[in-house]
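S.K.: Below is a structure I'd like to ask you about.
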Amino acid sequence: MENIKIQLAAKAHDYEIKVGCGLLKNLEFLNNLFPSQKSRAVIVSNKKVFRLYGKLLQNSLAKAGFESSHFLMGDGEKYKNFSTLKRLLDFLSENKFRRTDFLIALGGGVVGDLAGFASAIYLRGIGFVQVPTTLLAMIDASVGGKTAINSKFGKNLIGAFYHPSAVIADVETLKTLPTRELTSGICEAIKQASLAGEKLFSQTLEFLKKFPVKNFRKSFSNKPFLQSLEKLISEQVKFKAQIVSQDDCEEVGRRDRFSRKILNFGHTIGHAIEKVTEYKRFKHGEAVGIGILVEAEISKYVANFSEREVELLSEAIGLAGDLPDLNGVSRSEILDAISFDKKNLRSSLEWILLEAIGKPKILDGKQIADETILRCIEKIFQKRGSLCL
């Protein structure tokens, strides 16, 4: 028997994440990524976002020399599914898109996840550009190459690690966001800040104190607000990029503080809440906000997370805005839903908890009693005035 080895050079995938105001007005830099004489672009979006920014994007692409078309999907998590994916793949095939062509994901995390996954599997991979238009997508979903669709068994269970060719975060697109979408993004920012350490957490908390979320939409004519928002988004993106650069594909065996797994703080409970409520009641970040509160309580019992820092997280989530109530949601249903979470490995769930702000800890689910989880869920439910079933 002859053993034949194939040695593959590791292919680094570097790409720029641009953060600023008015970036969609000039896309000439895309000529460095795609040859405009040979490449076509398809903009993947939903009706609401495309109505706001589709024409601007199409005009900028035309000025840069690119022919473009568009594909519109439904708005919301329930449309991030096989059916929508098939429609998009059929659209690409019917229009004879080639390996030199590329997709542009114009929208939030749902659009970015689905367009990215389609890019990963169409013709075994074509280029795509993330143009996030929500705060959550700018600081988290668009950075790092996670693409996926949902199934009946849970969220993001079917997908691929596939990095974009570029990310364009035009901060001006946030001025049309509904308050709930802003709240959703702020909850994700609080999650990242709690993992990054005191500096980013303090910056995030002070920003929220100075600029209440309910006033965001009125503040875009305020230069100090725009400068502070742009700076905060940039720092949030830098933290996410730092983690991704050290653990590109979320290595299964890693448990250090730079493991990509730490970014799932708040998500074990958050994803379970989304699943139990059939992705209809909560925005993703809102569910993560509740997850942060519950998992901070669990951290107190299991990882010696201080009461003072629990209160700091609670204060930050309070400043993020109003979250939907939990009435009618069952504790036991949440516990059952957790078992289907995508981080369930070898029959034991891994929890991301905090020893302190900036000190995440990855724990085997066997180390946390169900009674502790249920007690912490009930405490947060009661604090929020919700009926705990």
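The values are calculated or read from the model by the stated rules, or taken from the named source; none is laboratory data. Small disclaimer: the values here were computed from a predicted structure and weren't measured. Positions of Cβ are backbone-derived with ideal geometry, glycine not excepted, and every protein chain shown enters the neighbour counts.
S.K.: Looking for something without any contact (Cβ under 8 Å) to a residue 60 or more places away in the chain, closer than 18 Å to Tyr162 by Cβ and over 22 Å from the mean Cα position of the chain (by Cα) - is there at least one such residue anywhere in the stretch 52-63?
M.R.: Looking through the stretch 52-63, none of the residues is without any contact (Cβ under 8 Å) to a residue 60 or more places away in the chain, closer than 18 Å to Tyr162 by Cβ and over 22 Å from the mean Cα position of the chain (by Cα).
S.K.: Just one of (1) at pLDDT 95 or above; (2) part of a helix (DSSP H, G or I); (3) not β-branched (Val, Ile, Thr) trips up Lys78, so point out which.
M.R.: Of (1) at pLDDT 95 or above; (2) part of a helix (DSSP H, G or I); (3) not β-branched (Val, Ile, Thr), only one is false for Lys78: (1).
S.K.: Go through the stretch 364-378 residue by residue and tally those that are touching a residue at least 24 places away in the same chain (Cβ under 8 Å) and either touching an Asp or Glu at 6+ places or on another chain (Cβ under 6 Å) or crowded, with 18+ Cβ neighbours inside 10 Å (or both).
M.R.: 4
S.K.: A further question follows. Please tell me if Leu136 is within 12 Å of the chain's Cα centre (by Cα), in a helix (DSSP H, G or I) and closer than 18 Å to Ser228 by Cα.
M.R.: Criteria met by Leu136.
S.K.: Being within 23 Å of Leu27 (Cβ to Cβ) and either touching a residue at least 12 places away in the same chain (Cβ under 8 Å) or buried (at least 24 other Cβ atoms within 10 Å of the Cβ) (or both) is true for just one of Leu157, Leu174, Leu200. Which residue is that?
M.R.: Of the residues listed, the single one that is within 23 Å of Leu27 (Cβ to Cβ) and either touching a residue at least 12 places away in the same chain (Cβ under 8 Å) or buried (at least 24 other Cβ atoms within 10 Å of the Cβ) (or both) is Leu174.
S.K.: Okay, moving on. Could you list, in sequence order, all residues of the stretch 236-274 that are farther than 21 Å from Gly358 by Cα and either of a type in the set (Asp, Glu) or touching a Gly at 6+ places or on another chain (Cβ under 6 Å) (or both)?
M.R.: Glu274
S.K.: Give me the pairs, please: first residue somewhere in the stretch 122-146 and without any contact (Cβ under 8 Å) to a residue 40 or more places away in the chain and surrounded by fewer than 24 Cβ atoms within 10 Å (Cβ to Cβ), second residue anywhere and of a type outside the set (S, T, N, Q) and in a helix (DSSP H, G or I), beta-carbon distance under 8 Å, and either six or more positions apart or on two chains.
M.R.: Listed pairs, sorted by first residue: Tyr122/Leu89; Tyr122/Leu92.
S.K.: List every residue pair whose Cβ atoms sit under 8 Å apart, with the two residues 6 or more apart in sequence or on different chains, where the first one lies in the stretch 285-304 and is basic (Lys, Arg) and the second, anywhere, is surrounded by fewer than 24 Cβ atoms within 10 Å (Cβ to Cβ) and in a helix (DSSP H, G or I).
M.R.: Here the result reads Lys300/Glu307; Lys300/Val310, each pair linking the stretch 285-304 to a residue that is surrounded by fewer than 24 Cβ atoms within 10 Å (Cβ to Cβ) and in a helix (DSSP H, G or I).
S.K.: Only one of these is at negative phi, assigned by TED's automatic domain parsing to the domain that holds Leu200 and not aromatic (Phe, Trp, Tyr): Glu274, Glu278, Glu235. Name it.
M.R.: Glu274
S.K.: Another question about this same structure. Checking the conditions here, which among Leu103, Leu24, Leu57, Leu72 is aliphatic (A, V, I, L, M) and more than 30 Å from Lys280 (Cβ to Cβ)?
M.R.: Leu24
S.K.: Collect the residues in the stretch 243-267 that are under 15 Å from Pro360 (Cα atoms) and either assigned to a loop (DSSP other than H, G, I, E, B) or of a type in the set (S, T, N, Q) (or both), keeping them in residue-number order.
M.R.: Passing the criteria: Arg254, Arg255, Asp256, Arg257, Phe258, Ser259, Asn264, Phe265, Gly266.
S.K.: Inside the stretch 236-291, can you point out the residues that are of a type in the set (Val, Ile, Thr) and under 15 Å from Lys191 (Cα atoms)?
M.R.: Val237, Ile243, Ile262, Thr268, Ile269, Val288, Ile290
S.K.: If a residue must be buried (at least 18 other Cβ atoms within 10 Å of the Cβ) and within 25 Å of the chain's Cα centre (by Cα), how many such residues does the stretch 22-49 contain?
M.R.: 11
One line per residue, one yes/no per condition, for (1) in contact with a Lys or Arg (Cβ under 7 Å, 6 or more places away or on another chain); (2) at pLDDT below 95; (3) assigned by TED's automatic domain parsing to the domain that holds Pro132:
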| position | (1), (2), (3) |
| --- | --- |
| Leu8 | no, yes, no |
| Asn32 | no, yes, yes |
| Pro35 | no, yes, yes |
| Arg40 | no, no, yes |
| Ser45 | no, no, yes |
| Lys48 | no, no, yes |
| Tyr53 | no, no, yes |
| Met73 | no, no, yes |
